[in-house]
Amino acid sequence: MSIQEQYRKRAAELLASGEVKIIIGYGAGSTPDRRRALFIRSAEDAGLLQVDQACDANLSGYLVSEGLLSDRKKVGIFLRPEGIRSVNILAAESQLDPLQIVILGFSDENGSLTPLQGSSVSDFSALISTLKERRSTPEEQELVEKIEGMTPEERFAFWQAEFAKCIKCYACRQVCPMCYCKRCIVDNNQPQWVQTSSHTLGNFEWNLVRAFHLSGRCVECGGCDRACPVNIPLRLINRRMAQEVLEAFDYFSGMSHTQEPVLASFKKDDPETFIL
Amino acid sequence: MTKILLRDRLDDCITRWHAAGFEVIGPVSKNNISQFAAIEKADELDLGAILPGRTLKDLFFPQTEPMFRYRIGKQQIDTEEYLPPERQRIVFGARPCDASAMAIDDPLFGWDYKDSYWFRRRNETVIVTIACTAADEFCMCTSLKLAPDSTLGSDILLRPLEGNRGWLVEELSQRGSEALSRIEALLEKEAAKPLPPADVPVKFDLEACREWLQNPENFESHFWKEISMRCIGCGTCTFLCPTCHCFDFQDEGDTYTGIRRKNWDSCSFALFTMHTSGHNPRSTQSARWRQRIMHKFNYFPGKFSLNSCSGCGRCTRECPVDMGITETLQEITKLSK
Amino acid sequence: MTDNTQNGQENIYRPAIMNVVGKRDEAPGVKTLRLEFQDPVEHERFRQTYRTGMFGLYGIFGEGESTFCVASPETRKEYIECTFRQSGRVTSSLASAEVGDLVTYRGPYGNRFPIEEFYGKNLLFIAGGIALPPTRSVIWSCLDQRDKFGRVTIVYGARTVADLVYKHELEEWQNRSDIELVLTVDPGGESPDWQHRVGFVPSVLEEAAPSPDNCVAVLCGPPVMIKFTLISLGKLGFNEEHVYTTLENRMKCGVGKCGRCNVGSVYICKEGPVFTAAEVARMPAGDL
């Protein structure tokens, strides 16, 4: 049985038995190579679910949208390993109760999909530990090395040219499961911390603020990068911040639903005596 | 006898237009995005794409527009206007859907009060469109009663000739004729037959949709929640739409001086209609999606007899979650039958 | 002051500079500012265009603009009065403006109360809390030509005595023999020496029971008050075509372009803010 058939069956069972009220998965998109988020509530619709390589979006962001979980019922969701890390982070940051999440997990090893064993976040800790080692594709690595080989001036010019394209659509923020603030910092006007205009300053402010707010939290699902309509390589910034956090604090986000956020928690034996 | 412009004459055209005081702008692909930018030579143009990623509206309604500077003194406040400079421009190589979109927004920016920022730029710009001989699966101009060779909003329409050798020239307006007079000598008289325009299948029934949208009973239909469940509320569709025109004012500066700007805003954003009291008339994404569709295909045509959409398809092409108006209007077409 | 016209084309987004010539504390957090134009050309334009019901965008450079009605009537155009509650960035900044300071004003925009259609009729004004300002603009437009109208009844209520605005004018109206003033505060909002009624506006209105015959009602208040007052007016026999109200929504441009203030197909800044209750009933409630 293919993974798609296997998961359609599982989804139908979960809905028919009433264990979950809704399943968030992938369905056919507007073209053959596109997939879109699909929300199904009845077992008959399970046949609409697609599970294949093109299913790359991190759907975990939908878990915290508009009160989906407020009735305390369970929700099923298709997740890749990064998505499972996202759910862990959302749980650790008190945005959802992991007991409400039934995971239909799958991983993509060089084009072939394998289902992941387990259905609640605590079933995947071993898997996530292995993710700490494996992090980038050859194409990404090439661009990363190219940028890291630049002088600071060249690097600044590179990012200035990229950010000049930014139109402040906030697709990067909206698609990111970690960006769940009801009132984002750019939405505050007392004071207006981050300018909404798309000039050099406004664009740097936005992109850098977001990079910092995601440091130690981003799971590198690539959603922001795919979402950006003007093709800014956002993933590289977040990857660099994740690398910095790994090196400075030996911290990899999303390993468990009780893992404390690295930049929002303290230990009595921290080397610095104060926050600065 | 029809006139044609040969492709290898394009550099000369640009030179003559520059000499006549025009800035020449066209679709340029650079740094992984294609948008309208000023050019010096013809080989900078990317005329082969279906259409550029960013729209023509960038040239008339930029993402951020400084409106005026203010200087606050004790007894008086001085303001210095930043109206767009008087600068003649020729846009070479826009698609008919982009040009139509500018014509669609003219009655809005001129509704009783004229937006001088928009009209200054409109009055100084000649738009030369190139008819589409190819379309992709997202194009839907024909569903909006437009066409790959529409003339709405265009001053000169160029129809591609075979073998990529050039275009058949159609003068459409006074402004277009004046621009052509500068390059008259570079045009050839030839009874050329242009390539046929692209075949863009009609995807939804626009009239049926309008009727369905106008029916007050459908305002609260559960359809809106279902169709917009995956919408994440970013501004991609609105910012890459050539007709979308919502904006916000922002004052940037310090206590004594600054600039008041007009910036793009989006009805998809959660806080777009939020009152300071905390009340938000459109507090759910489905209400906001409904507003988008209603505005484009019901309210705007009700006021200006034009749909606020030219069928370019960028909303669906670029949407991070594969939404876009096509699917919604297709579903409404089904519901209306 | 630099010229506001450019090659004959006015910049519609450029505000007029106003001197603050008066300031009054109306209620906790609520202030009234009286403003005068610095530029006589702008003032003349205001005199030519302003009619009761229209609104303006009041602002401070560096903070932004906020929308309120013009609380002064069309019969008194030497100044502009605005009354607002301090709630966000712009209103907080306006609230700290003192006499002699400068603020900005853009307008007047919108439609008007058709006061001439009220000639010869009885007038019923109903307002709640901070919504007295737009009503007050109509009240004074009518009181300044008192003989053109029949009976004038004003029903006004607030949460507490302190929250009543225009207290000195309430006293003035109380003392006039040609106005019936019915004041109320919400249960629990009365002070020990409160002489007037206690109860929510809709029920007090029903007690006062003004006759709907040859009567026009002007009703302004928070949405929940409007909803219940309309029901009460219906019980009293009022036709929704003869009840006028004002709607407000978040605004930025005020001239129909920024796409923000519409309720259904109706743009509050262009086709409002004055509507009959019948017109409001035709708007989609889900957009209010």
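The values are calculated or read from the model by the stated rules, or taken from the named source; none is laboratory data. These numbers were taken from a predicted model, which means no experiment stands behind them. Because the Cβ atoms are built from the backbone with ideal geometry, glycine has one as well, and the counts that use them run over all protein chains shown.
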Here are some conditions: (1) within 28 Å of residue B:199 (Cα to Cα); (2) assigned to a helix (DSSP H, G or I); (3) within 14 Å of chain A (Cβ to nearest Cβ). Residue B:292 meets all but one. Which one does it not meet?
(3)
Go through the stretch B:177-194 and report how many residues are part of a loop (DSSP other than H, G, I, E, B) and either buried (at least 17 other Cβ atoms within 10 Å of the Cβ) or not aliphatic (A, V, I, L, M) (or both).
7
Counted residues, the stretch B:216-238 - those being more than 14 Å from chain A (Cβ to nearest Cβ) and more than 20 Å from residue B:281 (Cα to Cα)
0
Residues that are closer than 30 Å to residue B:32 by Cβ, at pLDDT 95 or above and not assigned by TED's automatic domain parsing to the domain that holds residue A:203: does the stretch A:86-101 have at least one?
yes
Checklist (1) farther than 25 Å from residue C:68 by Cβ; (2) among the small types (Gly, Ala, Ser); (3) out of contact with any strand residue (DSSP E or B) (no Cβ under 8 Å at 6 or more places or on another chain) applied to residue B:235, failing item
(3)
I'd like the residue in the stretch A:36-54 that is buried (at least 21 other Cβ atoms within 10 Å of the Cβ) and part of a loop (DSSP other than H, G, I, E, B) and, out of all such residues, is farthest from the other protein chains (Cβ to nearest Cβ).
A:51
Conditions: (1) under 23 Å from residue A:121 (Cα atoms); (2) surrounded by 22 or more Cβ atoms within 10 Å (Cβ to Cβ); (3) more than 8 Å from every other protein chain (Cβ to nearest Cβ). Residue A:175 meets all but one. Number of the miss?
(3)
When the stretch C:251-288 is examined, which residues are found to be in contact (Cβ under 8 Å) with a residue 12 or more places away in the chain, assigned to a loop (DSSP other than H, G, I, E, B) and under 22 Å from residue B:112 (Cβ atoms)?
C:251, C:252, C:253, C:254, C:255, C:256, C:261, C:264, C:272, C:273, C:283
Just the residues that are under 23 Å from residue C:65 (Cβ atoms), more than 7 Å from every other protein chain (Cβ to nearest Cβ) and part of a loop (DSSP other than H, G, I, E, B), please, taken from the stretch B:239-264.
B:244, B:254, B:256
If you take the residues in the stretch A:225-240 that are assigned to a helix (DSSP H, G or I) and within 9 Å of another protein chain (Cβ to nearest Cβ), which one is nearest to residue A:132 (Cα to Cα)?
A:226
Got a sec? Which of B:326, B:284 is closer than 28 Å to residue B:100 by Cα and not assigned by TED's automatic domain parsing to the domain that holds residue B:147?
B:326
All but one of (1) touching a residue at least 12 places away in the same chain (Cβ under 8 Å); (2) within 25 Å of residue C:27 (Cβ to Cβ) hold for residue C:119, so report the exception by its number.
(2)
Just checking, does the stretch B:144-165 include any residue being among the small types (Gly, Ala, Ser), part of a helix (DSSP H, G or I) and surrounded by fewer than 17 Cβ atoms within 10 Å (Cβ to Cβ)?
yes
Would you be able to tell me the number of residues in the stretch A:72-113 that are among the hydrophobic types (A, V, I, L, M, F, W, C) and closer than 16 Å to residue A:25 by Cβ?
12
How many of the residues in the stretch B:52-90 are away from every other protein chain (no Cβ under 11 Å) and touching an Asp or Glu at 6+ places or on another chain (Cβ under 7 Å)?
4
Anything in the stretch A:170-184 that is farther than 21 Å from residue B:280 by Cα and over 11 Å from the mean Cα position of the chain (by Cα)? List them, or say none.
A:171
Filtering the stretch A:190-210 for residues that are assigned to a helix (DSSP H, G or I), buried (at least 18 other Cβ atoms within 10 Å of the Cβ) and within 12 Å of another protein chain (Cβ to nearest Cβ) leaves a count of 3
With the condition kept exactly as written, say whether any residue in the stretch B:304-314 is within 13 Å of chain A (Cβ to nearest Cβ), within 19 Å of the chain's Cα centre (by Cα), within 18 Å of residue B:239 (Cβ to Cβ) and buried (at least 22 other Cβ atoms within 10 Å of the Cβ).
yes
Output the residues belonging to the stretch B:97-110 that are touching a residue at least 12 places away in the same chain (Cβ under 8 Å) and over 10 Å from the mean Cα position of the chain (by Cα).
B:106, B:107, B:108, B:109
Given (1) at the interface with another protein chain (Cβ under 9 Å from one of its Cβ atoms); (2) of a type outside the set (A, V, I, L, M); (3) over 21 Å from residue C:10 (Cα atoms); (4) part of a helix (DSSP H, G or I), where does residue B:120 come up short, assuming only one miss?
(3)
Single condition residue B:33 does not satisfy, out of (1) of a type outside the set (Lys, Arg); (2) over 30 Å from residue B:258 (Cα atoms); (3) within 11 Å of another protein chain (Cβ to nearest Cβ); (4) in contact (Cβ under 8 Å) with a residue 40 or more places away in the chain
(4)
Residue A:71 meets each of (1) under 14 Å from residue A:257 (Cα atoms); (2) part of a loop (DSSP other than H, G, I, E, B) with one exception, condition (1)
For the subset of the stretch C:234-244 comprising residues that are part of a helix (DSSP H, G or I) and out of contact with any strand residue (DSSP E or B) (no Cβ under 6 Å at 6 or more places or on another chain), which member is surrounded by the fewest Cβ atoms within 10 Å (Cβ to Cβ)?
C:235
Are any residues in the stretch C:36-67 buried (at least 20 other Cβ atoms within 10 Å of the Cβ), outside any loop (DSSP other than H, G, I, E, B), within 14 Å of chain B (Cβ to nearest Cβ) and not small (Gly, Ala, Ser), and if so, which ones?
C:37, C:57, C:58, C:60, C:65, C:67
Residue B:286: modelled with pLDDT of 95 or more, within 11 Å of chain A (Cβ to nearest Cβ) and more than 19 Å from the chain's Cα centre (by Cα), yes or no?
yes
Going by what's in this entry, would residue B:57 be described as basic (Lys, Arg), closer than 28 Å to residue B:140 by Cα and at pLDDT 95 or above?
yes
All but one of (1) within 12 Å of chain B (Cβ to nearest Cβ); (2) closer than 24 Å to residue B:244 by Cα; (3) aromatic (Phe, Trp, Tyr) hold for residue A:158; which doesn't?
(2)
Of (1) loosely packed, with under 15 Cβ neighbours inside 10 Å; (2) over 21 Å from the mean Cα position of the chain (by Cα), residue C:171 satisfies all except one. Which?
(2)
